[in-house]
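Data block below; observations after.
The values are calculated or read from the model by the stated rules, or taken from the named source; none is laboratory data. Predicted model only: the values in this text are computed from it and were never measured. Note that each Cβ is placed from the backbone with ideal geometry, even for glycine, and that neighbours are counted across all protein chains shown. Quick note on the areas: whole protein, heavy atoms, side chains included, nothing else; ligands and nucleic acids left out. Shrake-Rupley method; radii C 1.70, N 1.55, O 1.52, S 1.80 Å.
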Amino acid sequence: VLPVHGLLPPPPDGEPFTFLFVGTLGYYPNEDAARWLCGAVLPELRRLASRPFRLAIVGDWAPESVRALASLAEVEIVGRVADLVPWYRRAGAVVVPIRAGGGTRIKVLEAFAYRRAVVSTTVGIEGIDARANEHLLVADDPASFAAQCVRLMDDPQLAERLTEAACDRVARVY
């Protein structure tokens, strides 16, 4: 059973909007997700975003192909952390750009439990009892994924509505 972090406050105002990606980076689906996010989605996000943003990638075993992404201005490769709470606390949204692999995506349930809005690919929510536009936003190509991220940046009420529904879902179902 996942704890529901009902007391986690919204991210601080006045800072760049932070997108968070969490995963074991030595696992190919997560490595691929980080590279696709930075290589294909990030340029679209730069073009569409109306305000500054950051992307924090948290996880251990990052290969050189992922560590090299830190050269991008908006990207921070954090590595392994003892406690995810500070990273979820500063996140405005969680991204799950998974394009390969199988099994239930615990990272989506974790984001729901931490009360953070999620943008995912269809593959990223496999095995999760959640619906697009009700519990999270879903997109499978770079332009659409970036557009969904911008929706969350620009519409805090949408993020709040998705977060409340997702948190309720994880509390009731998981």
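Hey, could you check region 82-98 for residues that are without any contact (Cβ under 8 Å) to a residue 40 or more places away in the chain and assigned to a loop (DSSP other than H, G, I, E, B) and say which is surrounded by the most Cβ atoms within 10 Å (Cβ to Cβ)? That would be ASP83.
One line per residue, one yes/no per condition, for (1) under 16 Å from ASN30 (Cβ atoms); (2) open to solvent by less than 40 Å² (accessible area, probe 1.4 Å); (3) part of a strand (DSSP E or B); (4) at pLDDT 95 or above:
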position: GLY124; (1), (2), (3), (4): yes, yes, no, yes
position: ILE128; (1), (2), (3), (4): no, yes, no, no
position: GLN148; (1), (2), (3), (4): no, yes, no, yes
position: ALA159; (1), (2), (3), (4): no, yes, no, yes
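Just one of the listed residues (GLY79, GLY59, GLY101) is in contact (Cβ under 8 Å) with a residue 60 or more places away in the chain and either open to solvent by 10 Å² or more (accessible area, probe 1.4 Å) or touching a Lys or Arg at 6+ places or on another chain (Cβ under 9 Å) (or both), and it is GLY101. The set of residues from region 23-35 being open to solvent by 20 Å² or more (accessible area, probe 1.4 Å) and either in contact with a strand residue (DSSP E or B) (Cβ under 9 Å, 6 or more places away or on another chain) or not in a helix (DSSP H, G or I) (or both) comprises THR24, GLY26, TYR27. In a residue-by-residue description of region 108-119, the property of being in a loop (DSSP other than H, G, I, E, B) and without any contact (Cβ under 8 Å) to a residue 40 or more places away in the chain applies to no position.
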